[in-house]
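Working notes for the structure below.
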Amino acid sequence: MSRKLSALTMTAALVAAVVVAGSAQADDLVTHHEFQANCSVTTHLPDDPIVFPGLPGASHMHTFLGNQSTKASSTNDSLKAGQTNCRTPDDKSAYWFPSVINGDQIVPPDFPQVIYYKSGILRYQDVVPFPPGMRFVVGSPTATQEQFRTAPGAVEGWECGDSFHNWDIPAYCTPGTQLNVRYQAPSCWNGRDLDSADHKSHMTYPDRATLVCPPSHRSRVQLALRLLDLSPS
């Protein structure tokens, strides 16, 4: 795999989501405290509806998943009216992450991407659904490699084949393997704000040892985990 392969701020694992509630009902049989959203790439745009709302071209390049109407001017209402390529047709949520670049070419994921919604806390029975219109960003475009490694949302860094815990894109991936990166979003919410000035403060992570939310963020929402599958070439 070419060493030129890089993610625009992906070393900081900047991931964003606008969650739009649907009307789907849960299955009667529950075997895991999670569910998955499987969504494909819709487009690549220098837009960010959360950080730069209404300002097309103001952001670095992002790869968008799910809702096919997502752009800089997207709102909760426009997303609800849009179409989705997620396998669950009621899921009108929008997901995006910094585009991965090889030289001057965008490297799109090969497969539908998996967004895991997990409890993230010890008492999974206390988890409540995301409120409609919830917006948040995880990671930072200015984070150093060390800040990425020690971030509360860090999982195992970049992975490919038998290579794990890479905090930079691996210099080599065995042909035929997939390049993955996973990042955990916070699961504790202040119970009041759908967004905040920095798009982060209304959310936080539970204590890693106890998996309990802090007193300031007692509401528990379903946690999202991004999995990015790329074909290294």
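Worth pointing out:
- Matching residues in the stretch 135-167 - criterion: being in contact with a Gly (Cβ under 8 Å, 6 or more places away or on another chain) and open to solvent by 40 Å² or more (accessible area, probe 1.4 Å): R149, F164, H165, W167
- Inside the stretch 43-102, residues that are within 20 Å of V181 (Cβ to Cβ) and of a type in the set (K, R) make up a count of 0.
- Residue pairs whose Cβ atoms lie under 8 Å apart, sitting 6 or more positions apart in sequence or on different chains, and linking a residue in the stretch 152-175 that is farther than 27 Å from Y205 by Cβ to a partner that is of a type in the set (S, T, Y) and surrounded by fewer than 20 Cβ atoms within 10 Å (Cβ to Cβ), are G161/T174; G161/T177; D162/T174; C173/S163.
- Matching residues, the stretch 95-105, being over 15 Å from N38 (Cβ atoms), crowded, with 21+ Cβ neighbours inside 10 Å and not polar (S, T, N, Q): W96, F97, P98, V100
- Checklist (1) open to solvent by 60 Å² or more (accessible area, probe 1.4 Å); (2) touching a strand residue (DSSP E or B) at 6+ places or on another chain (Cβ under 6 Å); (3) closer than 15 Å to S140 by Cα applied to L194, failing item: (3)
Matching residues to (1) touching a Lys or Arg at 6+ places or on another chain (Cβ under 7 Å); (2) modelled with pLDDT of 80 or more:
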| site | (1), (2) |
| --- | --- |
| S23 | no, no |
| A26 | no, no |
| N38 | yes, yes |
| L55 | no, yes |
| F64 | no, yes |
| Q68 | no, yes |
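- Filtering T144, T177 for residues that are among the hydroxyl-bearing types (S, T, Y), more than 18 Å from the chain's Cα centre (by Cα) and closer than 28 Å to F35 by Cβ leaves a single hit, T177.
- Each residue in the stretch 82-110 was checked for being closer than 16 Å to F64 by Cβ and outside any strand (DSSP E or B), and 11 of them qualify.
- Every residue from the stretch 106-122 that is touching a Phe, Trp or Tyr at 6+ places or on another chain (Cβ under 9 Å), surrounded by fewer than 21 Cβ atoms within 10 Å (Cβ to Cβ) and among the aromatic types (F, W, Y): Y116
The values are calculated or read from the model by the stated rules, or taken from the named source; none is laboratory data. Model, not experiment: these values are computed from the prediction. Every residue, glycine among them, receives a Cβ derived from its backbone with ideal geometry; neighbour counts consider all protein chains shown. Protein only, heavy atoms only, side chains kept; ligands, DNA and RNA dropped before computing areas. Shrake-Rupley method; radii C 1.70, N 1.55, O 1.52, S 1.80 Å.
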